[in-house]
Ligand code: SF4
Ligand code: SF4
């Protein structure tokens, strides 16, 4: 039943400064929050490969990931859409991985939610509707499930999917609305990679890559370390990165690095 309580700040710092793999368990998220989630771009570019990750594929992929890398269930789709989600989470926990979940609980059954209560989480973030942007079905099963999680997972945290949910202008970049590019920069994810895996095993550079432009390997066949090396070697040449707000300017990077070395702040606060 859950882990020790973490403050919102602790969870965010911990999560964003950790190395993790985000698992996308299905293609075509039915919640369809069009305003801030470019699902149509992903659907157009994915092709005809496996659209629902199987438990067998998940286990095979996990075999290629070291235990210090956190497993995050979110990616480019609501994880509860996949009927094997809770089996995957249980398996990852049994194998000794730390797990993190970000979910709307849409399409979750009562049974799936009861199963989720039995696991400890590095973080469990509930995404709640604002009644305007996200396409939620407010069924009685959904309400029961929400209360079950609120009462049963002590370190649960909440994000409202309102106008502020838009982050890093991902939806604009993926839809071709581009700011001025930055030619030279530094991405913190080259230090702590946060790759995103698709149901067919393809691994994308990060959670910005809904266009699937920058594939760095396939976890069904490649070791995690091989994929990370490829990501680090190629990242600076990725077109997407040059438009991303997280591609920090070199001067900002150097200032933080020097200040961090002098002990002015914990580098994880900006990494
Ligand atoms: S924001 Fe989340 S729930 Fe909404 S469409 Fe995208 S993946 Fe689905
Ligand atoms: S700079 Fe590139 S790898 Fe880094 S977060 Fe942005 S798009 Fe992703």
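The values are calculated or read from the model by the stated rules, or taken from the named source; none is laboratory data. Note that this is a predicted model, so its numbers are computed, not measured. Quick reminder, even Gly has a Cβ in these numbers, built from the backbone with ideal geometry, and neighbours come from all protein chains shown.
Descriptive notes on the structure:
- If you filter segment 61-105 down to residues that are touching a helix residue (DSSP H, G or I) at 6+ places or on another chain (Cβ under 9 Å) and within 16 Å of ligand 2 (Cβ to nearest atom), you find that the one that is farthest from residue 117 (Cα to Cα) is 76.
- Scanning segment 170-180 for residues that are buried (at least 17 other Cβ atoms within 10 Å of the Cβ) and out of contact with any helix residue (DSSP H, G or I) (no Cβ under 6 Å at 6 or more places or on another chain) returns 170, 171.
- Of all residue pairs spaced 6 or more apart or on separate chains, those with beta-carbon atoms under 6 Å, a first member in segment 113-134 that is under 29 Å from residue 34 (Cα atoms) and a second member that is more than 16 Å from ligand 1 (Cβ to nearest atom) and part of a loop (DSSP other than H, G, I, E, B) are 122/98; 124/153.
- Residue count for segment 195-244, restricted to those that are outside any helix (DSSP H, G or I) and away from ligand 1 (no atom under 16 Å from the Cβ): 20
- Some residue of segment 224-242 being under 16 Å from the mean Cα position of the chain (by Cα), modelled with pLDDT of 95 or more and within 11 Å of ligand 2 (Cβ to nearest atom): no
- Residue satisfying condition, being more than 16 Å from ligand 2 (Cβ to nearest atom) and more than 30 Å from residue 66 (Cβ to Cβ), within set 172, 155, 135: 135
- Residues located in segment 114-133, provided they are crowded, with 19+ Cβ neighbours inside 10 Å and either more than 20 Å from the chain's Cα centre (by Cα) or part of a loop (DSSP other than H, G, I, E, B) (or both): 119, 121, 122
- In segment 190-220, residue surrounded by the fewest Cβ atoms within 10 Å (Cβ to Cβ) [restricted to those that are in contact (Cβ under 8 Å) with a residue 24 or more places away in the chain and more than 16 Å from ligand 2 (Cβ to nearest atom)]: 220
- Any hit, segment 134-142, residues being in a helix (DSSP H, G or I) and in contact with a helix residue (DSSP H, G or I) (Cβ under 9 Å, 6 or more places away or on another chain): yes
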